[in-house]
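The values are calculated or read from the model by the stated rules, or taken from the named source; none is laboratory data. Model, not experiment: these values are computed from the prediction. Cβ: placed from backbone, ideal geometry, glycine included. Neighbour counts: every protein chain shown. The protein model used for the area step is the full one, side chains on, heavy atoms only, and it has no ligands, DNA or RNA in it. Shrake-Rupley method; radii C 1.70, N 1.55, O 1.52, S 1.80 Å.
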Amino acid sequence: MDGALSTCYHCNSACEEEICLDDKVFCCEGCKMVYSILHDNAMDMYYDLNANPGIQVASKLGGKFKFLELDEIRNRLLLFSNEGVARVRFSLPQIHCSSCLWLLERLHKLNPGVIQSEVYFNDREAEITFKEGEISLMELAELLSAIGYPPDISLQEYDSRKVKKSDRRLIVQIGVVGFCFGNIMLMSFPEYVGIDKSFSNFQRTFNYLNVLFSIPVLLVGAKDYIISSFKALRAKHINIDVPITLGIFALYFRSLYEIFSGVGAGYLDSFAGLIFFLLIGKWFQQKTYKAINFERDYKSYFPIAATRKNDENEEVIPLKKVVVGDRLLIRNNELIPADAVLIEGKGRIDYSFVSGESTEVRKVEGDSLYAGGRQTGTSILVEVVKEVENSYLTRLWNNPVFHKEKESRSLSDNISTYFTIAVIVIALIAGFVWLQIDPQKAPFVVTSVLIVACPCAIALSVPFTHGNIIRQLGRKSFYLRSSKVIDPLNDIDDVVLDKTGTLTLTDNVQVIWKGEDLLTEDINAIFTIAHQSSHPLSRSIFKHFKKSAMLVDIDDFEEFSGKGVKAQVEGAQWKMGSAQWIGIPEIQGKTSVIITRNDKYLGRFEFANAYRPGIADLLSSLKKKYKLHLLSGDNASEKSRLSEIIGDDTEMYFDQSPEDKMAYIAHLQESGKKVMMIGDGLNDAGALAQANVGLAVVDDVHTFSPSSDGIIEGKKLRKLLTYLGLTDYGRKVVWMSYGFSLLYNLTGLYFALTGQLTPLIAAILMPLSSISVLLFVTIMINLKSRRLA
């Protein structure tokens, strides 16, 4: 057999074992099953839309969705159920291409019980209407899983199943204000061109109509800014909404006075335009990524049901009904939902996502197990010793740090204090001067100063700059929760890093051979023996040699669980296993597999974390700008290797619990430091919440990641400093746009201070300043982003 591995026709994964059907090669029975389903239903076009569009799937579900038969859970998940027709909305994070859309919208061809399926690509969700008499909710989930789209149903989703409807309030505000703004502009047009005095009655009518249209603008559109400014003043500080409110009141009440006294047409067009542009800026700033969840907690990681075993009977129960003393069956790759004791079976627990420990923990009967660990071997039976709400993981999540708002003050808020004071001082001085020149014109000049000095362009420059930054970073797989994260990012002093899953690759282990040179036949023998073993380290050895070795005949094979394997290959007796089992001294701090042939020691395989490509260059660059710290839940076995990558002068701490990480960051903050935490797992969630900015590193942004301020795709982590450069450049663009705004304000102040401000001049200056600033920041950020690319 040749060493070069074929790729799967369905999912493009390497085929360690070739499974053939219709002259096509598949990597597993699951992929073969999906192909068979589609082929039997004449849906082969799925493979024509995109090359290898599928996702590798499990061939056995093992009752994974049996909990959907429970009425309590089923009724909570269904959006609608009446007269045998039901509708459900599933999260399907595997959706990624046009083939996915094509297949999922044709579920009715795979099962006639499906009436309709509608895919929401951006949300990675599908809404499915089905006949309950022909296909149950459980069977529907199993159908989706069979074709490679297992629904993501978590405890968090179950607890908040009343689906969050998008906040339409801002859209309604923009619609109402936009409608009124357009009509006010239309009614004001005769004033711009100079209407004949014989039509003054029409103009008066138009002015009154403008007042009517302005009322919704004030009550619906301007309300939030007015309330925000009063709250700020009550709290004894000034934010950007305070000078905006001054401008709003000056525009509105000056306009009412002119219209009802008959001395002018007022500035209601400028008033409505100001509110409209401000709302557009807010919408642009708040627009985020619907399919990415920045608010996940441990409930997103937990199942919504468990399998309870009573004597020989098994029953599926909702997780909230699990009580102390229950015996739960935990199958391969299932999560332990509560603190428990191992009663039966051999535990191989993966705590990497909870504790940061990168190696599996072996457990025997009687050992304690903590919630959040994942069993990676055969099924085990555990007895619950603490309720789910009282487990270690749940107690960790109840820490107050997860429920407090991070304090941040934007750049525009920082300058608004000085801006507001300057405007008021200029207005008072101008009023005093005009009282000496023409007392009747003094109020006109004061209100004119407040109108033209309204910081509309200043207020818009930040949201549009930050909005453009968020979009450009999103295109590069770096997603920020909101624009409020950008200013704190620019103020960071120290960067705290996790190791496992952050600096290292979660699905890749570096295999290092230390011993005598291996002959080709030796490599082939080790490759073949590793292929027969189910141990994770054996699988790593197999992957290490899969491009250079070939399988050979094996005469005898025996595996000793947790110790090693013994095999006969081409007349030679081979052993692969732990040092203790083979009978040689162990090497402290090293994970290794010893190899002997005919009882002769050949050497050992050592296993080390594989670090992400470019990580050394990233850390070297970060050190030039920030103080670096490393906090790892793993042991110190790789400290020397990390020192080579990150430097001896970097503070490194190992065996750190989640509480240790939170306390360390809090200590840095108490010393006046602004801290960014970069992590990936639940064990980092507290630190991510405690830090001024928490950044989660994930290999798939649509799968689980802890609550954070930002999410970056793992393969793009090496470019983090470049992306942070864009946020820093954004601050410079804001200052430049403030300069543009100042020029417009000075021009407007000239007309205001000389008593020449007319509705036409205001109607030109105010929109022109806003639009030019918007164009400027958009062009500058986009050009910078292209240069970064």
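Couple of notes before you dig in:
- The number of residues in the range 41-66 being farther than 30 Å from T378 by Cα and modelled with pLDDT of 65 or more comes to 8.
- Filtered residue count, the range 241-253, keeping only those that are open to solvent by less than 20 Å² (accessible area, probe 1.4 Å) and touching a residue at least 60 places away in the same chain (Cβ under 8 Å): 7
- I19 being over 34 Å from the mean Cα position of the chain (by Cα), open to solvent by 30 Å² or more (accessible area, probe 1.4 Å), modelled with pLDDT of 70 or more and of a type outside the set (D, E): yes
- Exactly one residue out of V509, V485, V552 is touching a helix residue (DSSP H, G or I) at 6+ places or on another chain (Cβ under 7 Å) and either open to solvent by less than 40 Å² (accessible area, probe 1.4 Å) or among the charged types (D, E, K, R) (or both): that is V552.
- Residue list for the range 767-777, filter: open to solvent by less than 50 Å² (accessible area, probe 1.4 Å) and modelled with pLDDT of 75 or more: S772, V773, L774, F776, V777
- Members of the range 22-40 that are at pLDDT 75 or above, not in a loop (DSSP other than H, G, I, E, B) and not β-branched (V, I, T): K24, F26, C31, K32, Y35, S36, L38, H39, D40
- Extreme residue, farthest from Y47 (Cα to Cα), among residues of the range 75-117 that are in a helix (DSSP H, G or I) and open to solvent by less than 50 Å² (accessible area, probe 1.4 Å): L77
- Criterion: within 27 Å of the chain's Cα centre (by Cα), more than 27 Å from Y723 (Cβ to Cβ) and of a type outside the set (A, V, I, L, M, F, W, C) - qualifying residue of D648, D660, D680: D660
- Residue check, S154 within 24 Å of E69 (Cα to Cα), at pLDDT below 85 and open to solvent by 40 Å² or more (accessible area, probe 1.4 Å): no
- Subset of the range 2-16 [modelled with pLDDT under 75, farther than 19 Å from V552 by Cβ and in a loop (DSSP other than H, G, I, E, B)]: H10, C11, N12, S13
- Number of positions in the range 644-656 that are open to solvent by less than 70 Å² (accessible area, probe 1.4 Å) and over 16 Å from T502 (Cα atoms): 3
- With respect to (1) modelled with pLDDT of 90 or more; (2) at negative phi; (3) open to solvent by 30 Å² or more (accessible area, probe 1.4 Å), the lone exception for L668 is condition (3).
- Unmet criterion (only one of (1) of a type in the set (D, E, K, R); (2) at pLDDT below 75; (3) closer than 27 Å to N210 by Cβ) for K287: (3)
Residue by residue, here is whether (1) modelled with pLDDT under 70; (2) open to solvent by less than 30 Å² (accessible area, probe 1.4 Å); (3) over 32 Å from the mean Cα position of the chain (by Cα); (4) over 30 Å from K499 (Cβ atoms) holds:
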position: A306; (1), (2), (3), (4): no, yes, no, yes
position: N313; (1), (2), (3), (4): no, no, yes, yes
position: G325; (1), (2), (3), (4): no, no, yes, yes
position: L342; (1), (2), (3), (4): no, yes, yes, no
position: I349; (1), (2), (3), (4): no, yes, no, no
position: L381; (1), (2), (3), (4): no, yes, yes, yes
position: L393; (1), (2), (3), (4): yes, yes, no, no
position: V401; (1), (2), (3), (4): yes, yes, no, no
position: F419; (1), (2), (3), (4): no, no, yes, yes
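- Answer residue from the range 192-231, given it is at pLDDT below 70 and not basic (K, R) and is farthest from F249 (Cα to Cα) among those: S198
- Checking Q116 against (1) within 25 Å of the chain's Cα centre (by Cα); (2) of a type in the set (S, T, N, Q); (3) over 14 Å from I147 (Cα atoms), the condition it does not meet: (1)
- Members of the range 351-374 that are surrounded by 22 or more Cβ atoms within 10 Å (Cβ to Cβ) and modelled with pLDDT of 85 or more: L369
- R161, sole failed condition from (1) modelled with pLDDT under 60; (2) of a type in the set (D, E, K, R); (3) in a helix (DSSP H, G or I): (3)
Each row is one residue, and each column tells you yes or no for (1) on the phi > 0 side of the Ramachandran plot; (2) modelled with pLDDT under 85; (3) open to solvent by less than 20 Å² (accessible area, probe 1.4 Å).
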residue	(1), (2), (3)
I678	no, no, yes
L695	no, no, yes
S705	no, yes, yes
K716	no, no, no
S741	no, yes, yes
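- Cβ pairs under 7 Å, 6+ apart, first in the range 94-106 and farther than 18 Å from S145 by Cβ, second of a type in the set (S, T, Y) and open to solvent by less than 10 Å² (accessible area, probe 1.4 Å): W102/Y46
- The set of residues in the range 128-148 being more than 29 Å from C28 (Cα to Cα) and of a type in the set (D, E, K, R) consists of K131, E132, E134.
- Per the conditions (1) under 13 Å from V495 (Cβ atoms); (2) within 25 Å of the chain's Cα centre (by Cα), the sole criterion not satisfied by K625 is (2).
- Against the numbered list (1) open to solvent by 70 Å² or more (accessible area, probe 1.4 Å); (2) closer than 25 Å to E586 by Cα; (3) touching a residue at least 60 places away in the same chain (Cβ under 8 Å), E559 comes up short only at (3).
- Taken together, the criteria exclude L688 from residues that are open to solvent by 40 Å² or more (accessible area, probe 1.4 Å), at pLDDT below 90 and not aromatic (F, W, Y).
- Residue in the range 522-540 that is open to solvent by 60 Å² or more (accessible area, probe 1.4 Å) and of a type in the set (D, E) present: no
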